[in-house]
Amino acid sequence: MRAESAVSVRLAVFIAPLLVLQGCDRSDARTPARPSSQPVASTTVSPPAFAPSRNGFAFANNFPGAPLPTFLNSSNRNDQKSAFGLCGGMAAAAADYFIAGFPPPPQSALPERGSTLYEYLFLRQAQSFGPGLATALKFAEWTAKSDAELNTLTNAEVETLARSLRGRAVVPIGLIIARPGGPPGARSISDNHQVLALSMERGDGVATIRIYDPNFPKDDNVAIILNLLNTKQPVGIRNRPKGRSTPVRAVFVLPYEPSPPPSMNSPTPPQ
């Protein structure tokens, strides 16, 4: 790792908790909403090869304590009064395991702070904010925009996502859920979210993006449904069959470079 890259990572590790980690739209912080439209006949862009039930982590994105590096947070390891999310780290790490050909660790319990898996997820979360925290700043800038502005931006991002899915089977994406003055759980930059896009279908102004959502472990049925023609309301929803849905104001493709995951399960990838 070059010296400037190492400095960027250290900076991200220290600043990340102040920006996004505290909420990260954890599995216990969701706002109900009804779909504004239903999916229609569409054309498949990329078939899903990644299955959350097989390739996602078995634990939910809801970590106890404060979102600080382990060496600064040892006294909060067992603090159950506060919690934070590592959605970006979990999405990137799941992609890392999938691309490397490894299954993720099968544990259903949250990894202990200081463990190899926890430190890996925390590092990938910090890296998900981009060089110079560019992605974290984008979350902040987009949160402040109007729904009409975000609709236009999301339309362009859907084209980028289609190209990205053709080039790679999984693509991390950011979800703008928060708005200034919004309800609890959807008013702070930290209430935005990161997930892993697996496939997309489009037709007649509607795009349905199948995702791995770290908030819903082993759930193969979570999707983002975008009404790309709706310019006066949130552009879409995060939908769970037989569950609650969350308004989504915008979607954008996150920068991502695969990283070798910790080889915890086997010395070589399965054949």
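Around the amide H of residue 243, modelled in the peptide plane, lies no amide H under 5 Å away from a residue 5 or more places distant or on another chain. For the peptides 82-92, 223-233, 184-194, 205-215, residues were scored by their other Cβ atoms within 10 Å and the scores averaged per peptide; the highest-first order is 82-92, 205-215, 184-194, 223-233.
For residue 187 and residue 257, the FRET efficiency from 1/(1 + (r/R0)^6), where r spans their Cβ atoms and R0 equals 35 Å, is about 0.65. Extension gain for residue 148-residue 108 works out to 10.4 nm (0.36 nm per residue, less the C-alpha to C-alpha distance). Put a dot 7 Å past the Cα of residue 244, heading toward its Cβ, do the same for residue 116, and the two dots end up 3.7 nm apart.
Across segment 139-156, rounded Karplus estimates of 3J(HN,Hα) from the backbone phi angles (6.51 cos²θ - 1.76 cosθ + 1.60, θ = phi - 60°) give 4, 5, 5, 6, 4, 7, 7, 6, 4, 5, 4, 5, 5, 4, 5, 5, 4, 5 Hz, Gly and Pro being marked x.
No lab work stands behind these numbers, since they all come straight from the coordinates. Keep in mind that what you see is a predicted model, and the values were worked out from it rather than measured. Cβ sites come from the backbone with ideal geometry, for glycine too, and all protein chains shown count toward neighbours.
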